[in-house]
Each structure stands twice: as structure tokens, then as C-alpha cells.
1. Among the residues in segment 154-166, are any without any contact (Cβ under 8 Å) to a residue 40 or more places away in the chain and surrounded by 12 or more Cβ atoms within 10 Å (Cβ to Cβ)?
2. Determine if segment 105-126 includes at least one residue that is buried (at least 18 other Cβ atoms within 10 Å of the Cβ), farther than 24 Å from Phe82 by Cβ and not acidic (Asp, Glu).
3. Looking only at segment 12-31, filter to residues that are among the aliphatic types (A, V, I, L, M) and touching a residue at least 60 places away in the same chain (Cβ under 8 Å); which one of those is nearest to Leu145 (Cα to Cα)?
4. Quickly run through segment 93-123 and pick out the residues that are farther than 27 Å from Leu72 by Cβ and either within 16 Å of the chain's Cα centre (by Cα) or in contact (Cβ under 8 Å) with a residue 12 or more places away in the chain (or both).
5. Quickly run through segment 23-57 and pick out the residues that are at pLDDT 95 or above, of a type in the set (S, T, N, Q) and touching a strand residue (DSSP E or B) at 6+ places or on another chain (Cβ under 8 Å).
6. When you scan segment 47-82, how many residues do you find that are more than 24 Å from Val101 (Cβ to Cβ), touching a Gly at 6+ places or on another chain (Cβ under 9 Å) and assigned to a strand (DSSP E or B)?
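The values are calculated or read from the model by the stated rules, or taken from the named source; none is laboratory data. As the structure is a computational prediction, the values presented were derived from the model and not from experiment. Counting neighbours? That spans all protein chains shown, and the Cβs are built from the backbone with ideal geometry, glycine included.
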Amino acid sequence: MNDDTFVPRGTAPADTSLIGIVVAIPEPWSQLLVDWRAKVGDVQASLVPPHVTLLPPTQVPAAERPAISAHLASVARAHPAFTMHLSGTGTFHPVSKVVFVAVARGIGDCELLAGDVRRGPLARSLSFPYHPHVTVAHDVPADMLELAYSGLADLSAEFQVQHFTEFEQTPSGAWAVAREYPLTGPPR
């Protein structure tokens, strides 16, 4: 299993939390992407809200949550809001059975944010090079991967990213919003 994906994991020890930091996809595109993920049989459709990952699932000690929140607030204050444009599809096949919606605009902003998020108390390495994207099919049969790839190929969604979101995994395996961090940095 790839540790950079938002999939159900075993229960975290009582003194830790499993968190992830993302750019959440707003409506109306969020529900569209959830519907597509369900349509292709991806069991994560109801557990993982559509997002661009900045920090993959990371187990953190409960005692470090205040320092992590302060770190994330500091990162958010250093970065301005930006425009994201999702356009078309891509795949990581044959490395992994994933189809995604591509980030056409906002890639650099996500790279800078992700780099800053993964410092200090959240410093960690990644299993794969960072590549901003929105997963729409993961570990489903080949015909369903193809359906997602072709069915969303013409998708175009543009929106302002005003904040990033800290998710925490619940005991059911779903990811819930823990906190949002407004991007208030000076324009670039």
C-alpha cells in the first residue's frame, strides 16, 4: 500500500492522530468528483473528500498538535490565495492503479505550500515525487480506470483557493475537517 494515499488505516494509538493537509475541492466540482469516484466503484468515494494533497497521511503525537497548528498557521500567513484550474485527466499507471484530474494552474502554488507544510514538526519524506492532482479512481478494475480517464477528460474547473485544510482520520476510516488555515500572505 502506498503511504501517500488517503485510505483507511489501522486505528492510531490513543496518544496520536492521523492527519493530512490538503487543498479541498469546492462545490459544485467536489460532488461531481465524489459521484465519479463512486461510479467507477472506488470504495474511497464516501470516505475521502476530493482534494489536492499537500501532506499525505501522517501520524502525529497528540502532544505536538499545538505546535503543528502554530506551524500550519504560520505557513498559511506566508502564502497568498491563488487560482486553481483543474483540467483533463492523467494516470500513474503502471506505477499505481490511479486516475486523476490534472492541476493545470496552481501547480507551483501547491508545490510551494507542500514544501513549507512538510517542514518543522511535519517534516517527512515522500514515497513518490510530489505531483499535485485530484485522485478520481484508485485500485479499481482496468475498465473502470478507463471510464474515469475518458469520462472526465473534458473536465475544466477553475476556482480561488482561499485556505488549506487539515483533515483527521476518524475511527470509521473517513477523513473529517479538523481546521482550515486562511491563505493571507502577500500577493506574488
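1. The initial filter retains those residues of segment 154-166 that are without any contact (Cβ under 8 Å) to a residue 40 or more places away in the chain, namely none.
No, that holds for no residue.
2. In the first step, residues of segment 105-126 are kept if they are buried (at least 18 other Cβ atoms within 10 Å of the Cβ); the result is 106, 109-110, 113-114, 116-118, 122.
Next cut, farther than 24 Å from Phe82 by Cβ only: none.
Checked segment 105-126: no residue is buried (at least 18 other Cβ atoms within 10 Å of the Cβ), farther than 24 Å from Phe82 by Cβ and not acidic (Asp, Glu).
3. Taking segment 12-31 and keeping what is among the aliphatic types (A, V, I, L, M), we get 12, 14, 18-19, 21-25.
Still in the running and touching a residue at least 60 places away in the same chain (Cβ under 8 Å): 12, 18-19, 21-25.
Working: Ala12: 31, Leu18: 28, Ile19: 27, Ile21: 26, Val22: 23, Val23: 23, Ala24: 22, Ile25: 21 Å.
Step by step, filter segment 12-31, then rank; the result is Ile25.
4. If the condition is that a residue be farther than 27 Å from Leu72 by Cβ and either within 16 Å of the chain's Cα centre (by Cα) or in contact (Cβ under 8 Å) with a residue 12 or more places away in the chain (or both), then His93, Val95, Ser96, Lys97, Val99 are the ones that fit.
5. Result: Ser30, Thr53.
6. 0
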